[in-house]
Amino acid sequence: MRQIGWLLLVLPLLAVLTGFALPSAARRVAALVAVGALAVSTALSVALAFAVVGDHGKAVVSAATIARFGELQVRAGVRLDGLAVVVAVAVCVVALLVQIYSVAYLNDDERYVRYAAEVSLFTAAMLIVVLASDLIMLVVGWETMGICSYLLIGHYRHLPEARPAAVKAFVVTRVGDIGFLLGVLVLGVGAGSFDIGRILAEAGALPRGTVAIACLLLLAGVAGKSAQFPLHTWLPDAMVGPTPISALIHAATMVAAGIFVVARLFPLFLVDPLALNVLGVIAAITMLLGALAALAQDDLKRVLAWSTVSQIAYMSGGLAVGVPAAAVFHLLTHAAFKALLFLAAGCVLYATGQALMSKMGGLRTAMPVTFVTMTLGLAALIGIPPLSGFFSKEALLGAAYERVHGSGGGSAWVALVVLLAGLATVALTGAYATRLWLLTFFGPRPEPRTLRQPSPLMTGSLVVLAVPTVLLGIVGLRREWLGTWLDVGHTALGPTLATTALSLLLSFNGIGVVVLVWRRFPGADPVPAPAVLARAFYLDEIQSFLVVRPYRRLAQEIRDYDARVVDGAVEGNGRVAMALSSRLSRLQTGNVQTYAGAVLGAAVVLAVIAVLL
Amino acid sequence: MTGGEMEDVVAGVTTGRVLLVAVIALPALGAGVLALRPARFARNAASGAVAFSGLTMLASLGLVMGRQSGADRDWQSVDLSWVPAIGLRFHIGVDGISLPLVLLTTVLTFLCALYTMHSMPAPGRPGTMLSLVLLLEVGMVGTFLARDLLLFFVFFEIVLVPMYFLIAVWGGTASRHAATKFVLYTLLGSVLLLVGILVIYAGAGTLDMGELAQGGAGAGMAKSTQILAFALVFLGLAVKSPLWPLHTWLPDAHTEAPTVGSVLLAGVLLKMGTYGIVRIGISILPEGARRLAPTMAVLAVAGILVGALCCYVQTDLKRLIAYSSVGHMGFVLLGLSTLTATGVQAALIGNIAHGVITGLLFFLVGGIKDRFGTSEMSDLGGGIGTRLPLLSGLLTFTAIASLGLPGLAAFWGEAFAIAAAYRPDAGLARMPYVVLAGLAAIGAALAAAYFLRMLRIVVARPPDANPRATGVRLAVADVTPLEAASWAPLVVLALAIGLFPALVLTWTGPAVDLLIRAYAG
């Protein structure tokens, strides 16, 4: 089992090294390396999952020291338990499908070879986060994902908006990562070790204040990576990257990483409720913010991007009410249906050459496979029974409901906030998903009506993802299944009657209103949302006003200060010394002597001053 | 030297000692040969320099021989009387703190010689220039190997002369001014250093660094003597490092220096300052260090933040990288200022990482300047990413390494300097250090902002609509084989040290533990 774990870590890295070494003409080899390595990784992850689940999710650790800084050791190693392997399977499956899909989607892209290597690196980095037994190693994977997102979002060099979006993604998440790194260091220095097992074992023994601060610091990084308010602003802009990358970022890697890390370190978050309370409030805000913004977007991918912001917030909410198993459950189902939705959106973009829904319509008959699979994906997103999203969302809402009434991790008032926001978001989700569905697939087909048919590799990926989109909810139905695998005490993840009835009612309301308006005004946008929603409450502008512009001004001021005052003093002294020495050195000949004289003169004077003082 | 001493010397000759002396003697010999026979060597000066620096590199690799695992003291040393009248001894030795820096020096010098075969800056005269480069190597290696304070000072000073001429003669348009500023500034530092050394001699009666460091009690020096000596030595070395606000010679020197000058200046010269702070400051003057460490920490973090802010609005590539060095060396100084094993280890690996990565950055920027005749970012024209994919890829990689991405070399020094500052030595007030740790972490994140801005302007700018009208040079070649040969080792090192920091830390570890044990008493 240990060997499989290591292999799962090393294999994608080998694919990365090979991929970057290939010349840009070697498309076929690059595709073969990328897809082949991930296919083997997927098989390994499944084998590992069976082994670990058969062992009731007990953690197995294998690590070796790679660095020693005084008392502190850094170890490279794998920690294999239920949580790690279940998420690893999801990562591998989605990444494999993304790689297969990309072969066709980027068939005429001259930078494909490098792209494939970067996707492999992205996957490898996420696997490092998932399997790491050591917090420093986790940071390595965590930050590497940031740089991969930068490289991939900026993939299309001819798009002027690509590079600013790429820079934004990296810098905004890096701002959060200041906190993340500090949190890791506080924990590591506090516990005298970066080993996750040891830190979790000592969670109770560490000073409570230290743990609370460390958790808050970690949350900054989580908010950045998982696109939670107020560090969510990079995600919608990231849509300028190739569509398969959006699937990768939104489903299996970057945004899932934040949720995973909190689940991984959950015992720490139970030491003091402060961090979970903060997370709960952030979750409630982000849920509504994302869903409202999704309602008003015209760009198909941006609807899905905002929907991710909102759905990840559900997971944050699940963590905040003290049920990480429910959060991870939703992470898994979301990975399936969001990957499906993005890849399907990619098919639409590929076929129409168009990203704006106002210029689409009537694709239901022209693209039947895409239509059917995307319908399933949207239904899972809304949470229509018996699709996977229904069960995981109900598990979250049910957990919040139970927490309001009963006991457990997190605070009751936070659970109430999360529950109310969650229910409101259910209605909004129904509305924006239905709007997307109608605008894309129904109504009249605009001119020109020619479509570029997506290759079977692309539609095939959709069909494969449709299976877990429909069926994955089952794993939560029995206590012995997912709840046990995640080793969090046999959590029940089935639906709760009260919340289920309420949320179904709300989502049908959301769907119903949009359908009714659409019937009344066919072809028109059924949600005439104000600009404030389309611009997501102007948070981008606020960020630019409060952070970006002042920073630039500060930088200019400091540069000028450095040149005028700090260096000015030096140059001034230098001139005085030179003037003195030029008088002294009239007897000398040649430039070098002049300088040497100046140098020594100045030096001796200063030395005398230094000694006298 | 008497006959008896002579016999002792002959009896003491071993392969290890021969190599130790060779690491200093070979470049000295090379410098002499290239300087004295410029006519005959004019055409082959570069290959001659490659041969001498290559042999030096091999000799330095041989220094690893004879080390027992876990060795915490010099495992190789030579101690000869040199100028008895002033008590100067030729005492050199190699331990785990010296070795990585010596290797960094010999590798970088070799790569610089190799690079000169590809690109010789105006006004030519490769024999003279490479002779100076080899003389520079003598000074740098000697500084890291010296075990006698006076000898340390001599080597430390040797460096100034060749570097002055490298900048002044082979540099850019304003190079005279920059070179003079460099020399004036560092000579001022040197004088302070010399006075500091004399204070130590007056207080302890010896200049032998091993004896002085023994026991860590400051060799019996009074507390006030230690504080005075530390202040002088520290100021002298801080100019070199450079510590904010003593850094302003650096951007000018870098901007004007020829490529190999910049590479060696950033790659090695700055480390002579931080190395000296470890060897003389913390080892020999523990009380002085404890007293002045907080000041060092504050200035180090100021350097990190000012460096990052200045970089964000620079328009010249060389100047930008020079300012980024101020920030990176700030992390090294922060690590040292914690006076813990963690911090000193972080500083030592930070030194090496900065040498490798910033050396590579200056090579790459030199390559760009060679091709486009300018290092002003806005004058480079668009579309470099598509026209020069390999050069752009390398620049992207190196910038990412330099901004401290975990998994690449620079991360370890930065992250663990912050970790060390979070829990500094028990003799220091903790709260200010915790605040500084937070500020340093912010500085680390700001590095991402300016490096990505640089990549955005240099690599990712879309092709110009009408390149001819803007005067952009289009017919430039991507990375040449000689460039690739002189850059590839640094790429490999940046990756290898990033993935296996033990490559450096296993050497430095025992020596640092000894140092800190002695320091903590």
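The values are calculated or read from the model by the stated rules, or taken from the named source; none is laboratory data. What you see is a predicted model, and the numbers here were worked out from it, not measured in a lab. Note that we place each Cβ from the backbone using ideal geometry, even for glycine, and neighbour counts take in every protein chain shown.
Details
- Lone unmet requirement of (1) farther than 26 Å from A:L300 by Cα; (2) at pLDDT 90 or above for A:V372: (1)
- Only listed residue being within 14 Å of chain A (Cβ to nearest Cβ) and either aliphatic (A, V, I, L, M) or surrounded by fewer than 24 Cβ atoms within 10 Å (Cβ to Cβ) (or both), chosen from B:L269, B:L250: B:L250
- Candidates A:L127, A:L138, A:L185, A:L181: the one that is at pLDDT 90 or above, under 25 Å from A:L276 (Cβ atoms), more than 8 Å from chain B (Cβ to nearest Cβ) and surrounded by 24 or more Cβ atoms within 10 Å (Cβ to Cβ) is A:L138.
A quick yes/no check of all residues on (1) crowded, with 24+ Cβ neighbours inside 10 Å; (2) at positive phi; (3) within 12 Å of chain A (Cβ to nearest Cβ):
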| residue | (1), (2), (3) |
| --- | --- |
| B:H354 | yes, no, no |
| B:G366 | yes, no, no |
| B:G381 | no, yes, no |
| B:T398 | yes, no, no |
| B:V434 | no, no, yes |
| B:G438 | no, no, yes |
| B:L455 | no, no, yes |
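- When the range B:119-150 is filtered for residues that are touching a Gly at 6+ places or on another chain (Cβ under 8 Å), more than 22 Å from B:E483 (Cα to Cα) and outside any helix (DSSP H, G or I), only B:R147 remains.
- Taking the conditions (1) touching a helix residue (DSSP H, G or I) at 6+ places or on another chain (Cβ under 8 Å); (2) at the interface with chain B (Cβ under 8 Å from one of its Cβ atoms); (3) at pLDDT 60 or above in turn, A:V604 satisfies each one other than (3).
- Any hit, the range A:344-352, residues being of a type in the set (V, I, T) and in contact with a Lys or Arg (Cβ under 9 Å, 6 or more places away or on another chain): yes
- When the range B:163-181 is limited to residues that are buried (at least 21 other Cβ atoms within 10 Å of the Cβ) and more than 10 Å from chain A (Cβ to nearest Cβ), the one that is nearest to B:A222 (Cα to Cα) turns out to be B:M163.
- Applying the condition of being more than 23 Å from B:I516 (Cβ to Cβ) and assigned to a loop (DSSP other than H, G, I, E, B) to the range B:223-245 and asking which residue is nearest to the chain's Cα centre (by Cα) yields B:P242.
- Taken over the range A:266-288, the residue count meeting the criterion of being part of a loop (DSSP other than H, G, I, E, B) and either small (G, A, S) or surrounded by 23 or more Cβ atoms within 10 Å (Cβ to Cβ) (or both) is 0.
- Residue within the range B:407-426 that is over 17 Å from A:S24 (Cα atoms), among the β-branched types (V, I, T) and either more than 9 Å from chain A (Cβ to nearest Cβ) or not in a helix (DSSP H, G or I) (or both) present: no
- From the options A:E71, A:E110, residue that is closer than 27 Å to A:G19 by Cα, more than 22 Å from the chain's Cα centre (by Cα) and within 14 Å of chain B (Cβ to nearest Cβ): A:E110
- Of all residues making up the range B:312-345, the number that are farther than 13 Å from B:F451 by Cα and outside any helix (DSSP H, G or I): 3
- Residue that is surrounded by the fewest Cβ atoms within 10 Å (Cβ to Cβ) [pool: residues in the range A:476-525 that are of a type in the set (V, I, T) and at pLDDT 80 or above]: A:V513
- A Cβ distance below 9 Å, combined with a sequence gap of six or more or placement on separate chains, defines the contacts here; from the range B:418-437, residues that are among the basic types (K, R) reach residues that are not in a helix (DSSP H, G or I) in the pairs B:R423/B:T338; B:R423/B:T340; B:R430/B:R423; B:R430/B:P424.
- Criterion: over 22 Å from B:V332 (Cβ atoms), modelled with pLDDT of 90 or more and within 12 Å of chain A (Cβ to nearest Cβ) - qualifying residue of B:L394, B:L390: B:L394
- Residue that is nearest to A:V103 (Cα to Cα) [pool: residues in the range A:34-73 that are among the β-branched types (V, I, T) and modelled with pLDDT of 90 or more]: A:V35
- Selected residue (criterion: nearest to the chain's Cα centre (by Cα)) from residues of the range B:303-320 that are within 7 Å of another protein chain (Cβ to nearest Cβ) and surrounded by fewer than 24 Cβ atoms within 10 Å (Cβ to Cβ): B:Y312
- None of B:L493, B:L482, B:L514 is modelled with pLDDT of 90 or more and out of contact with any Cys (no Cβ under 7 Å at 6 or more places or on another chain) except B:L493.
- Qualifying residue in the range A:292-303 (condition: more than 30 Å from A:G197 (Cα to Cα) and of a type in the set (K, R)): yes
- A single member of A:V40, A:V87, A:V29 is of a type outside the set (F, W, Y), within 24 Å of A:F337 (Cα to Cα), free of Cβ contacts under 8 Å to residues at least 40 places away in the same chain and more than 14 Å from chain B (Cβ to nearest Cβ), and it is A:V40.
- Residue check, A:L304 at pLDDT 90 or above, surrounded by 24 or more Cβ atoms within 10 Å (Cβ to Cβ) and either outside any helix (DSSP H, G or I) or on the phi < 0 side of the Ramachandran plot (or both): yes
- Which listed residue is farther than 20 Å from A:T286 by Cα and outside any helix (DSSP H, G or I), from A:G322, A:G346, A:G361: A:G361
- Listed conditions (1) under 27 Å from A:A275 (Cα atoms); (2) crowded, with 19+ Cβ neighbours inside 10 Å are all met by A:R435, apart from (1).
- Count - residues of the range B:495-508 that are in a helix (DSSP H, G or I), facing another protein chain (nearest Cβ under 7 Å) and in contact with a helix residue (DSSP H, G or I) (Cβ under 7 Å, 6 or more places away or on another chain): 1
- B:G66 touching a residue at least 40 places away in the same chain (Cβ under 8 Å) and part of a loop (DSSP other than H, G, I, E, B): yes
- For the range A:364-419, taking the residues that are of a type in the set (A, V, I, L, M) and part of a loop (DSSP other than H, G, I, E, B), the one that is nearest to A:L472 (Cα to Cα) is identified as A:L387.
- Residue check for B:S77: within 29 Å of B:Y115 (Cα to Cα) and either surrounded by 15 or more Cβ atoms within 10 Å (Cβ to Cβ) or of a type in the set (K, R) (or both): no
- Within the set A:L505, A:L457, A:L546, the sole residue that is in contact (Cβ under 8 Å) with a residue 12 or more places away in the chain and of a type in the set (A, V, I, L, M) turns out to be A:L457.
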